[in-house]
Amino acid sequence: MNAGVPPTVEPAPRRVGRFGSLIPVLLVALIGLALTGCAHRVWNEPIGHLSADQRYDFRNRLPNNPDDTFVVLAFSGGGTRAAAFSYGVLESLRDTTILVDGKQRRLLDEVDVITSVSGGSYTAAYYGLFGDRIFRDFTRDFLYRDWQGELIRLAVRPWSLTTMASRDYNRSDLVAAYLDRTLFEGKTFSDMSRNELPFVILNASDINNATTFSFIQQQFDFLCSDLSSYPVANAVMASSALPGPFATMALRNYGDCGERHRSWMQDSLEHDDFLDRRHVVALALERYSHPDRMPILRLVDGGVTDNLGVRGSMMSPVAHYGNVADMAGAFTPERLRRVRHVLVVVANADIYREARWSVNGNEPGMIDMLHSSFDAALGILNTETIALAKQGFLMWESHVNSLRSPDEPKVKVRFAILTFNQIQDRGERERFNAMPTTFRLGGADVDALIAQARELLAKSPDYNSFLGDLDHAPVAYNSKRKSR
């Protein structure tokens with residue numbers, strides 16, 4: 001296998017003399033100025049008349065999998081490092097075969113939900129749109145490409161500079177449009193999670209309200225907006241818009257509509273304790289009800305509020321219409337009575353890197369101090385989020401089992417966490433921790449990340465317990481990668 005596939009690079013312009021070389025640049029600049037008005041932000045549309053089967057939510061897009069099994073994948077942030085790590089999980093599940101109703105099925109085909117943040121959202125969105133095509137094209141079209149270099153070259157083109165001079169068009173809009181053309185092929189959420197593919201939840205952070213923002217119709221209801229027509233590329237850009245290098249992604253908050261008024265929200269505001277999570281979420285959603293004071297939502301990287309995309313989306317009152325205890329968005333009462341085997345796989349590509357100032361015992365400079373403070377806050381948030389997410393699923397397990405009679409089968413949740421901290425060899429662990437959070441990695445590093453995800457999943461006690469819980473040992477599992 002090739003170590004990497006270089007991106008297509010446009011040839012440098014031919015030099016024709018001191019003044020002659022300026023003519024093409026001036027022409028491009030003039031054309032760019034003329035076209036500035038042609039580059040427009042892609043806004044979300046008002047909700048209009050959205051029929052029940054057009055809604056991008058659990059009820060319409062969950063695959064028709066057996067009722068007794070429920071599988072959730074969570075892909076963290078971390079640039080190409082996270083995208084490759086999560087891709088390795090998909091590969092591993094593709095190559096794991098189980099028996100379902102006496103028939104062999106890939107475990108990948110039993111996945112119900114993929115929730116993702118930042119770099120992990122590229123993998124999740126691509127699989128949610130194109131399915132198994134990901135195993136043919138994604139390494140070439142994304143993982144092995146120098147996306148960071150491409151985006152820098154894109155940003156400094158004269159036409160790009162002039163379009164970004166517009167008040168309603170920024171560098172994140174520019175990148176989103178590029179992703180739409182080159183990676184996601186103009187697809188919208190009306191194309192996502194079709195043909196028995198998992199329900200994909202892409203997550204960003206709403207900095208107007210300091211909360212997670214999930215790209216599902218339940219969230220868009222509170223903006224009185226239709227998600228189905230919104231470009232997937234824009235949602236991926238919002239999910240990965242790291243503050244600083246990228247600008248915010250913007251959504252319009254429209255005037256009133258019936259979908260905005262949910263009884264659970266008013267009930268929470270009136271009766272829940274002010275520290276209750278449902279109450280906190282309801283307070284943020286209530287602010288959406290005043291578009292005169294919040295006409296535009298500004299979204300940034302989902303890792304700012306939840307770098308794993310589990311608790312802020314899969315365990316969110318928004319996703320479950322206020323009833324997280326029953327996961328009412330994902331489970332009908334009938335399916336809730338039948339579910340027995342639940343697997344949650346968290347692919348956490350977070351890293352820990354020793355800072356040079358720390359190793360040398362020096363005082364950190366201002367940039368180093370800000371960078372390390374951000375890393376510290378994110379590290380604590382990740383650890384707490386994993387613990388709370390696991391606790392939330394185990395509380396759900398206990399709640400569901402309490403509803404069943406003594407002679408009914410009980411539900412069992414297996415929570416498999418994959419992290420570089422589980423790598424026993426110190427040198428290997430340090431190698432992965434040294435991989436930067438960028439959108440450019442060497443082919444050897446990409447391959448190592450994919451292989452490491454497969455190895456960690458194969459060794460996970462909870463994952464193997466889940467396979468045992470199914471009462472069907474895998475009839476075929478290959479820990480090595482298939483040729484591509």
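The values are calculated or read from the model by the stated rules, or taken from the named source; none is laboratory data. Only a predicted model underlies this, so the values are computations on that prediction, with no experimental measurement involved. Please note: Cβ atoms are built from the backbone with ideal geometry, for glycine as well, and neighbour counts cover all protein chains shown. All accessible areas refer to the heavy atoms of the entire protein, side chains included, with ligands and DNA or RNA removed. Shrake-Rupley method; radii C 1.70, N 1.55, O 1.52, S 1.80 Å.
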Task: Cα long-axis angle, helix 277-288 against the chain (0 to 90 degrees, to the nearest 10) - done: 40 degrees
- [ ] Just tell me which aspartates and glutamates come within less than 18 Å, Cα to Cα, of K459; anything on the same chain fewer than 8 places away is out.
- [x] E91, D95, D425, E428, D469
Task: Structure-derived semi-axes √(5λ) of the Cα gyration tensor in Å - corresponding label in (i) 62, 28, 21; (ii) 39, 24, 23; (iii) 37, 29, 22 - done: (iii)
TODO: Keeping all protein chains in position, work out how much accessible area S405 exposes to a 1.4 Å probe, and write it in Å² to the nearest 10.
DONE: 40 Å²
Task: Centre separation in Å (Cα based) which lies between segment 164-237 and segment 261-330 - done: 18 Å
Task: Using alpha-carbon coordinates, inclination of helix 79-94 to the longest axis of the chain, degrees - done: 40 degrees
TODO: State to the nearest 20 debye the size of the charge dipole of segment 391-466 about its Cα centre, where the only charges are +1 on K and R beta carbons and -1 on D and E beta carbons.
DONE: 60 debye
Open item on the list: Using a 1.4 Å probe on the protein heavy atoms, what percent of the accessible area of segment 252-342 belongs to carbon and sulfur?
Closed with: 51 percent
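In whole Å, what three semi-axes, largest first, describe the equivalent ellipsoid of segment 222-268 built from its Cα gyration tensor (square root of 5 times each eigenvalue)?
27, 14, 10
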- [ ] Taking H placed 1.01 Å from N in the peptide plane, check which residues at least 5 places from T188 or on another chain put their amide H under 5 Å from its amide H.
- [x] V232
Open item on the list: I'd like the distance between the alpha-carbon centres of segment 350-369 and segment 47-94, rounded to an integer number of Å.
Closed with: 37 Å
Task: Per-residue HN-Hα couplings for segment 351-366 [Karplus 6.51, -1.76, 1.60; θ = phi - 60°; Hz; x = Gly/Pro] - done: 10, 10, 10, 5, 6, 4, 5, 6, 5, 8, x, 8, 6, x, x, 4
Task: Per residue value of the accessible surface for the chain (all protein chains in place, 1.4 Å probe), Å² - done: 45 Å²
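W43: net charge of surrounding residues, Cβ under 12 Å, Lys/Arg +1, Asp/Glu -1, itself excluded?
Summing Lys/Arg as +1 and Asp/Glu as -1 gives -2.
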Open item on the list: Let's see if you can work this out: charge +1 on each Lys and Arg Cβ, -1 on each Asp and Glu Cβ, no other charges. What is the dipole magnitude of the chain about its Cα centre, in debye to the nearest 20?
Closed with: 1540 debye
Open item on the list: Can you give me the long-range amide H partners of I201? Hydrogens built in the peptide plane at 1.01 Å from N, cutoff under 5 Å, separation of 5 or more residues or another chain.
Closed with: I114, T115, S116
Task: Heavy-atom accessible area ranking, 1.4 Å probe, most first, across Y126, Y144 - done: Y144, Y126
Open item on the list: So for the chain, averaging the separation of alpha carbon pairs under 8 Å that are six or more residues apart and normalising by length, what relative contact order in percent results?
Closed with: 24 percent
- [ ] Let me have the 222 nm mean residue ellipticity of the chain computed from DSSP H runs of 4+ only, each contributing -39500 (n - 2.57), with the sum over all residues rounded to the nearest 500.
- [x] -12000 deg cm²/dmol
Open item on the list: Tell me the net charge near A330. Cut-off is 11 Å between Cβ atoms, A330 excluded, with +1 for each Lys or Arg and -1 for each Asp or Glu.
Closed with: 0
Task: Cβ-Cβ FRET estimate between S289 and D407, R0 fixed at 51 Å, reported to 0.05 - done: 0.60
Task: Backbone HN-Hα couplings from phi across segment 248-262 [Karplus 6.51/-1.76/1.60, Hz, Gly and Pro as x] - done: 6, 9, 10, 10, 7, 9, 8, x, 5, 7, x, 5, 6, 9, 10
Task: Amide H contacts under 5 Å for S225, placed H, 5+ residues apart - done: I47
TODO: Quick one: work out the % antiparallel among DSSP beta bridges in the chain, nearest 5.
DONE: 45 percent
TODO: At a 1.4 Å probe radius, which order do L174, L275, L269, L394 fall into by accessible area, largest first?
DONE: L275, L394, L269, L174
- [ ] For R298, tell me the accessible area in Å² from a 1.4 Å probe, rounded to the nearest 10.
- [x] 90 Å²
